[in-house]
Structure formats: C-alpha cells, structure tokens
Amino acid sequence: MLRFQNISKAYQKGKVKAVDGLDLTVNPGEIFGFLGPNGAGKTTSIKMVVGLLRQDEGKITVNGHDTHSEPLRAKESIGFVPDNPDLYDKLTGMEYINFIADVYQVSSFERRQRLERLVNMFEISGAMGDLIGSFSHGMKQKLALTAALIHEPPLLILDEPMVGLDPRSAHLFKELMNEHCRQGRTVFFSTHILDVAERLCHRVGIIKKGKLIACGTLDELRHQVGQKGSLESVFLEVTEQ
Amino acid sequence: MTALLSLFRISLQSYFGLSAMRIKYLKKKQQLWEPFLVVFAVIVGGASFGSMFYFSALQMARGAALLGQADAVLTMYILVAQMLALMFGLFAMTSIFYFSNDLDILVPLPLRAWHILATKFSLVNITEYAPVVVVLVPTLLAYHRIVGLSLVGWVGAFITMVFVPIIPLALAGILAVTVMRGVNRRHRDILMVVASLVLLVVIFYLQYQFMSDLTGQVDAEDIINNRIDFVNVVGAAFPPAVWATRAIAAEVTGERLTNLAYLFFTAALAIGAFLMVGQKVFYGGLVGGAEKVRRGVVYTSRVIERQAVQSSTAKALLLREFRLFVRMPIWLMNGFLTVILFPLMAFFPAFFGATGDINSLTAIARQHPQGLAIATLIAAGAIAMMTSLNTLTSTSISREGKHLWIIKSLPVDAKTQVRAKLCFALAAALLSSLPLIAVYAVLINPGGFHLVIAFALGITAGLTPQVLGLWFDLWRPFLTWSNPQHAVKNNLNAVSPLIVMIPLGYLSYLGYMALIASGTTVPLLVLLAAHAALAVTAVTALLAKADHLYARLEVKG
Ligand SMILES: Nc1ncnc2c1ncn2[C@@H]1O[C@H](COP(=O)(O)OP(=O)(O)O)[C@@H](O)[C@H]1O
Ligand SMILES: [Mg+2]
C-alpha cells in the first residue's frame, strides 16, 4: 500500500540529513505505527509521501502509484492530517469540508452520509457553520480528520494524531483508525506516544536520525532485541545504541 | 510616558517589520536590490495614481480660476483625501483592533488603556499619510501651476497635511470600535466591506445633492461679483476641509495661523473623543469579556442535506480563492479596493464640479485628429496599470502562507490550480476596470467602439503582467508571514507585475507612434492584437511550466 525505497532527504542544501536511505513497506489493511524520538525524520518522511516535499533520492509508491511520476493518482489514494492542522481560518467548517469533498469528487449522497456520521461522532455539529478560526486545537484536528476521511481513502496518513487531544477525542481517533482498517483500508501514523502504538498497531517501524532501525510486529521486535517487556523498553533499547 | 514611548517604538517596529528589515539589509546586507526595487515601485505606483489626481485637479483648477474660485479645488481634494482616510481608516481600525493578535500580549502588561489605544491610532494614522500625499501633493502642484503658491503657502500646506487624516480617522475609529463591538466575529469582515461601500455611496450622494442645490440657488451674478465663496460651499458639509484650505491659501498669515489652530484643536478633540470612547467601549468590553458570541446553526441531517452539495473541482477552487481573499479585509483593501477607489476619487470632483470642463475635455478629444485614439490609449493604460497594481496574482501563492500544505497535498494538478488563480484575477480585473471605463465614458463620451477598445486593450495589456506576477510568486513565494498584512505589504513580489507593465507600456507607446501614419483605428487594433497574443503566450507558457513550478514548491514549515 505504501512503500519507501531508499528514500533520502536533506534540508539546507544538504547540510541537515533528515531522512537517510529509508526502506519501508506498509501492507494493505494494517495499522502501521511510525515511531521515533523528536527530530528523527518522521514528519519529513510523511511530507514526502503526501507531496509536500520532494525526496532527494529513492522512490515512494502509494497504492501502486509512484508519487513522483503519478502524483495525482497517489494523492487520490491518501487522506492526510498533518501534525499541526493549519486550516483556513476564514472558511466555515462546512465550507472547508465541501471544498475538500469537491476536489476529491465525492458525490452529494456519499458526502452527506459520511459527514453526518463523522460530525455527530466528533460532536462538532454545532460548530460546522462557524469560522474555523474560532475552533479550538482539538476541534481543528477533528475537522481535519473529517476532511481526510470524506473520500474514504485507501491510505490514511496521520502525523502525531494524539498530540493535544483530550482523552475522549483521542479515544475517538483510535476508534476511527481501527474502523478504517477493519474496512480493509490502511493507516500509517507517526507518534512518540508508545502505549498508543502498542495497543493499536499491527506493525511498527522505529526511525532514528533518518534511518529505520527496527521494523516488525511487537513480538518480532522483542525477539530482535532479546527483550521481554513493553514496547517502551524495546524502544529505549533500540534508540539507545 | 516612557512606557508609552517604548510601546510606540516596539509597535512601530513590528507593524512595519522594521527590525527584520534592518537586520536583513543593514546588518547582513542581503539582497540589497530589494529595497531599491520597492522604492522604485512605490515611486511608479505613487506617480501613476498621483498623475490622475494631478490632471483632474489641473482641469478643475483651470475652470475654477476663470471664476476666481481656484481655492475651492483645494477644498474639494482635501475632502477627497479625508474621504479616503475615512474609508481606509474604517478598515485599518477594525483590523488593528479586532483582527490583530497582539492584544493578548499587551493587555496583561502594566500599560494604561489609552496607551494601547493611542499607539494603535498613531500606527494607522501613519499609514494614512500615503493616500493623503498621493492625493494632495499633485493637487497642490496643479494649484501652484494655475494660481501660484508662495513658500509660506507650501509650508502651511505641509503642516496642514499632517492634520488632514486625523479627524476622519478618529471618526472611523469611533465608528469601528462601537459598531464592531456589537457584531459577531463572523460578520465583521463583510460588514466592513458593506459599510465602506455604503459610506462611499452616501458621500457621493451628499456631494451630488449639494452640487445640484448649489447650481439651483447660485446666481451667476453673485459668482462673477465674488459675492459667494465656493470654498465655504464645497466644504460646508465638513468644516475642517475649509480650515485646511484657508491654512494653505489664505492671503494673510494671521488667517493661516487661525485656521491651523482650528485644525489643531479639532484634531486634539477628535483624538480625545476616540480615546474616551475606545476606553469605554472597546477596552471595557475586551477586559469584561463582552464579545458577542452567536450560537451557530447545528448541523443536523437536514442542514447537511441542504448544504453538502457536490460541485466541480474548478468551481470549488475558484470559490476558495474568492472567499479567502474577500474575507481578509487587509487583502481586500490593499489588493483591490485601493485600486478601485483611487481612480474614482481622482475624478470624483470632475463629476460634480465644474461641468463645463467635462465638455471642454470632450471638445479637445474630438477636435484633435488623434484625440479619441489617445484618450482610448490613456484609458486602456490606466486599466492595465490598475490591474498590475492589484496584488491578486503576484501574492497569490504567498497568501497561502502556512496553509500551502492544503493545496499541495490535494489531487489537483498544477494547471487547474493556476487556471483558478488566473480566472479569479481576471474576474477582479474586469470588475475593477468598470469604474475606470465609466469615468472614461462620462468624461469623454467616446462612443461604443472606443469604449470597447479601451476595455479590451486594458484587460489584455494588464493580463501579461499579472501572469508573470503569478509566475514570480510561484518561483519565490513569501510563505512565513504571521500577520496577513505582511503577505501583501512586506512582500516584494507584489510589485513584480508593475515591473513588467512599465516596459510593456513603453513598447506600446513606441508601437503606436510607429503606426500613427496608418490612421486612428489601425494602430489601436494592432496594439490590441499584439497584447492579446502576448497574453495568450504568457498564459500558455505559465501553464506549461505550472507542474514544474508547483513541484519545486516545498512545504518545509
Ligand atoms: N525546514 C527545516 N529546515 C532544516 N531542518 C529541518 C527542517 N525541518 C526539519 N528539519 C530537521 O530534520 C530532522 C527531522 O525532522 P522531522 O522530520 O520534523 O522529525 P520528527 O517529525 O521525527 O520529529 C530534524 O533534525 C530537524 O531539525
Ligand atoms: Mg514531527
């Protein structure tokens, strides 16, 4: 579903190497957790997938489409929520959702059904007519997720989705990720909150200084490092070296 | 007092981005060509607006001088400057009080309420001097040419100009602070636009009423015998304009000083009133948390059913451009309203003033063999210039700012996005050319053919600079702004279309001169064809490059 092949990316004309030869495959129907300490290169990797950055080297395929040669086909398969969703302050929630749905060519019928469900679930039905500028951080994140799900993308990509969410909203986010995957679709999300990853993910990849240092199911990872305990101890072990 | 001064200094620096500029240009000496380009653009922009005011004032002054009433021209244009100050002031005051985010920082500081209010007032007042200078300096030059202005007169004029925007601005401030207080956040932007347009219509209407009353009552004999003073008549609605006129043009210095004193005290009074109202209404409400919050519509299935309706991608993109632009008052004002207002204001007095002059203009245009063709070229040039001055395309990517990720991650190809941006700009250009065409039609009455040519030539000639402006902004956008004002004002890209427009205008002039032997119609048609071809080429080239330019744009954040 999502494949990084030898991806590298440097900032500031090559001075800061953010991602360094990343190889990673995310299978259809799984929830994949992309873990790593701050500054490991998670956001950079995700931005290359969704078309916000260009890789210096390597190839990314989404749903079989090369992001470089077929960017539109690749983007059509993605729903994306960035780490800090800066949405248009001067549009209302409804105007924003309609804009996104129009761009993805979601029919009126489908958008009504999906919207009604999501809006009620997130309890933002009273705010959809207000300007996004008046939304709280959590509401913006919910709206961004609603927009990302409005075309039911095969691949949902979330960058640090739990940051700044209250427990109830965080729970809803997790529910939706589970549901998305139950319908046979894929979730790829980055996080540094380990117990979320531990409970939610089928597989995780750990990245450090732009390099993938471990990847697999939790059991596989435990095995790899010869540790028995939680994901936390595995994480600490592999990121230590 | 020291608190007020340091607040003023720091606000000045952040409002105009002075510190950033000092570091960049004076300390690091980076990209020193930028300030030069900005100065150049300011001169060209100011000169093109200014020349409109100069010629219309000159025309008026000639007519009025025959009646010995040239001073009334000063009154008229002082009124125009004050009208502009009132209208821009309404926008700027609302923005600075209700759309800026520094209040959260300022209010907890140990400052007095009036410190904050006075600082914000001064900042806006400083920006108001730009339109005042653009209107009044050309007017004074025109007046000087007809009547002559002594050195003392010039000194008086510059002191007077300091006071010209203060009173209308205080009015705008009081209006903004009291009216906006009771209005829901969501409706403020639109209210501001509507209010300023209503204001414009009201002022036009009042002026019109006034002038028709005047022509009804005034006896030709009274005018000839100088028994009536046009200055008082024109300025009756707003006495400060009369005082300002006398402060510039009075014959005795004593009278000048008296009128300056009037101006000074009225300005002081107006500022005092603003501070009082501001303290009570704005500051009191802010601290008391009296912001009105409207409960929004709840999106039940019925509402969703009604509102969640599919439309085409192209339409959605266009609508997005439109909404984001009009809902940001600063952008609307800077990029668009200024461009409409200035030409209207330049010829405003001519509509209601001495009607005889309009006829003489028509006569000149008709008598000279090339008259109509030249007038058409001037009208087209004005339209192209106004189009190049609006910053719609040249800050189009910059205005996306931290929201650029949205359009970058959507599955819409770059061509479609560029097309939407160009369509929006074209629609705006068409709209903003209407007032100019109306002015042309009324002043010269050139007939359908020349009107159409002026319109088409202006639009096509303005399109190429706009396209290149978008190209430039795609190539090096300014995305890291936090204050929306900086996206259009502290952005060098905004002037790029103008830089293209100037050589194009010059080439068109050369082309016209080369073709002048072939009659009056052929050169116009050839120019139109050439500009149309150029515009089509520019659009095609940009569309061909769009994918590449979009791909280059990285959202690093
Ligand atoms: N715009 C940028 N300019 C320069 N360096 C950057 C930029 N963005 C990120 N980096 C650097 O790239 C590395 C990876 O950053 P990022 O992908 O944001 O990490 P993560 O999301 O895992 O915390 C860090 O060292 C960071 O400092
Ligand atoms: Mg990150």
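The values are calculated or read from the model by the stated rules, or taken from the named source; none is laboratory data. Quick caveat, the model's predicted, so the values are computed rather than measured. Here Cβ is always computed from backbone atoms with ideal geometry, including for glycine, and neighbour counts include all displayed protein chains. We work out accessible area using only protein heavy atoms, side chains counted, and drop any ligands, DNA or RNA first. Shrake-Rupley method; radii C 1.70, N 1.55, O 1.52, S 1.80 Å.
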query: Taking the mean number of other Cβ atoms within 10 Å as a proxy for protection, how do you rank B:5-11, B:513-519, A:2-8, A:94-100 from highest to lowest?
result: A:94-100, A:2-8, B:5-11, B:513-519
Summed buried accessible area for B+A [probe radius 1.4 Å, Å², rounded to 100]: 4200 Å²
- prompt: For B:ILE43 and B:LYS402 in the same chain, what is the full-extension length gain: residue separation times 0.36 nm, less their Cα-Cα distance, in nm?
  reply: 126.1 nm
query: 222 nm [θ] for chain A, helices only, -39500 (n - 2.57) per DSSP H run of 4+, per residue, to 500?
result: -12000 deg cm²/dmol
query: Taking chain A as a Gaussian network, Cα atoms linked when under 10 Å apart, which of A:LEU22, A:LEU221, A:LEU87 shows the biggest mean-square fluctuation?
result: A:LEU87
- request: Work out from phi, with θ = phi - 60° and the Karplus expression 6.51 cos²θ - 1.76 cosθ + 1.60, the ³J(HN,Hα) of each residue of the stretch B:26-43, listed in order in whole Hz, and give x for Gly and Pro.
  value: 8, 7, 8, 6, 8, 6, 5, 5, 4, x, 5, 4, 5, 4, 4, 5, 4, 5
field: Mean separation of Cα contacts under 8 Å (6+ apart) over length of chain B, as relative contact order %
entry: 17 percent
- prompt: Pick from A:PHE109, A:PHE34, A:PHE188: which residue has the top mean-square fluctuation in a GNM of chain A where Cα pairs under 10 Å get a spring?
  reply: A:PHE109
- line: Of A:67-74, B:236-243, ordering from highest average Cβ density within 10 Å down gives B:236-243, A:67-74
- prompt: For B:ARG323 and A:SER136, what does the FRET efficiency come to when R0 = 30 Å and r is the distance between their Cβ atoms, rounded to the nearest 0.05?
  reply: 0.85
- line: A student applying the Cα gyration tensor rule (rounded when a/c is under 1.5; otherwise prolate if a/b is larger than b/c, oblate if not) would label the stretch B:2-287 prolate
- prompt: Do any trypsin sites (Lys or Arg not before Pro) in the stretch B:25-124 lie in a DSSP loop with no more than 11 other beta carbon atoms within 10 Å, and if so, which?
  reply: B:LYS28, B:LYS29
message: Can you compute 3J(HN,Hα) from phi for each residue in the stretch A:72-88, using the Karplus curve 6.51 cos²θ - 1.76 cosθ + 1.60 with θ = phi - 60°, rounded to whole Hz and x for Gly and Pro?
response: 5, 4, 4, 5, 4, 7, 10, x, 10, 10, x, 5, 10, x, 7, 9, 5
- prompt: Hey, rough spin-label estimate for B:TYR506 and A:LYS209, points 7 angstrom out along Cα→Cβ, what's it come to in nanometres?
  reply: 5.7 nm
- prompt: Which aspartates and glutamates have a Cα lying under 16 Å from the Cα of A:LYS59, excluding residues fewer than 8 positions away in the same chain?
  reply: A:ASP20, A:ASP23, A:GLU70
Shielding by other protein chains, A:96-102, mean Cβ within 10 Å: 6
- prompt: Anyone know which of A:ASN120, A:ASN84, A:ASN63 comes out most mobile in the 10 Å Cα GNM of chain A?
  reply: A:ASN120
field: Nonlocal amide H pairs with A:LEU2, under 5 Å, H built at 1.01 Å
entry: A:VAL26, A:ASN63
task: Within the stretch B:396-435, which residues have the backbone N less than 19 Å from the label spot 7 Å out from A:GLN183 along Cα→beta-carbon, could you tell me?
output: B:411
Within chain B: Cβ-based charge dipole about Cα centre, in debye rounded to nearest 20 (Lys, Arg +1; Asp, Glu -1): 2260 debye
query: Given labels modelled 7 Å from the Cα in the Cβ direction, how far is it in nm from A:SER69 to B:ALA544?
result: 2.4 nm
task: Calculate one ³J(HN,Hα) per residue across the stretch B:326-337 by plugging θ = phi - 60° into the Karplus curve 6.51 cos²θ - 1.76 cosθ + 1.60, and present them in order as whole Hz with x for glycine and proline.
output: 5, 7, 9, x, 4, 5, 4, 6, 5, x, 9, 4
- prompt: Once the piece of chain linking A:THR217 and A:ASN38 is laid out straight, how much longer is it, given 0.36 nm per residue of separation minus the C-alpha distance between them?
  reply: 62.2 nm
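In debye to the nearest 20, how big a dipole does the stretch B:313-552 give about its Cα centre with +1 on each Lys and Arg Cβ and -1 on each Asp and Glu Cβ?
So the dipole magnitude of the stretch B:313-552 works out to roughly 720 debye.
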statement: Over 32 Å (Cα to Cα) among A:LYS75/B:LYS24; B:LYS28/B:LYS489; A:LYS13/A:LYS228; A:LYS174/B:LYS545; A:LYS174/A:LYS211 -> A:LYS75/B:LYS24; A:LYS13/A:LYS228; A:LYS174/B:LYS545
Among B:ILE105, B:PHE282, B:ALA461 - extreme Cα towards positive end, dipole of the protein assembly as shown, charges at beta-carbon: B:ILE105
- request: Within a 10 angstrom radius of each residue's Cβ in B:400-413, how many Cβ atoms of other chains show up on average? Whole number is fine.
  value: 6
- request: Please list, in chain and number order, the residues 5+ apart from A:ILE31 or on another chain whose amide H is under 5 Å from its amide H, with Hs placed from the backbone.
  value: A:VAL187, A:HIS202, A:ARG203
statement: Projecting the Cα atoms of B:VAL500, B:LEU549, B:LEU515 onto the charge dipole of the stretch B:457-557, where Lys and Arg contribute +1 and Asp and Glu -1 at Cβ, the residue farthest towards the positive end is B:LEU549
task: Report the charge-dipole magnitude of chain A in Debye, nearest 20, computed about the Cα centre from +1 at each Lys and Arg Cβ and -1 at each Asp and Glu Cβ.
output: 420 debye
query: Using a Förster distance of 45 Å, how high is the FRET efficiency between B:LEU434 and A:LYS15, based on the Cβ-Cβ distance and rounded to 0.05?
result: 0.30
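If a/c stays under 1.5 just call it rounded; otherwise compare a/b with b/c (prolate if a/b is bigger, oblate if not). Do that for chain B, with a ≥ b ≥ c from the square roots of the Cα gyration tensor eigenvalues.
oblate
Among A:26-32, A:14-20, how do they line up by average Cβ neighbours within 10 Å per residue, starting with the highest?
Values: A:26-32: 18.4, A:14-20: 16.1.
Order by mean packing, descending: A:26-32, A:14-20.
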message: With just the Cα atoms defining each centre, how far is the stretch B:459-527 from the stretch B:113-153? Give it in Å.
response: 29 Å
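Just checking the output field for A:116-124: average partner chain Cβ neighbours within 10 Å of each residue's Cβ?
Partner-chain Cβ atoms within 10 Å, mean over residues of A:116-124: 2.
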field: Placed amide H near A:LYS17: partners under 5 Å, 5+ positions off or other chain
entry: A:TYR11
- prompt: When the helices in chain B are scored as -39500 (n - 2.57) per DSSP H run of 4 or longer and the sum is shared across all residues, what 222 nm value do you end up with, to the nearest 500 deg cm²/dmol?
  reply: -25500 deg cm²/dmol
- prompt: Using the Cβ atoms and a cut-off under 12 Å, what net charge is assigned to the surroundings of B:ASN334, where Lys and Arg are +1 and Asp and Glu are -1?
  reply: +2
- prompt: So between B:SER150 and B:TYR205, what do we pick up on full extension, going 0.36 nm a residue minus the alpha carbon distance?
  reply: 16.3 nm
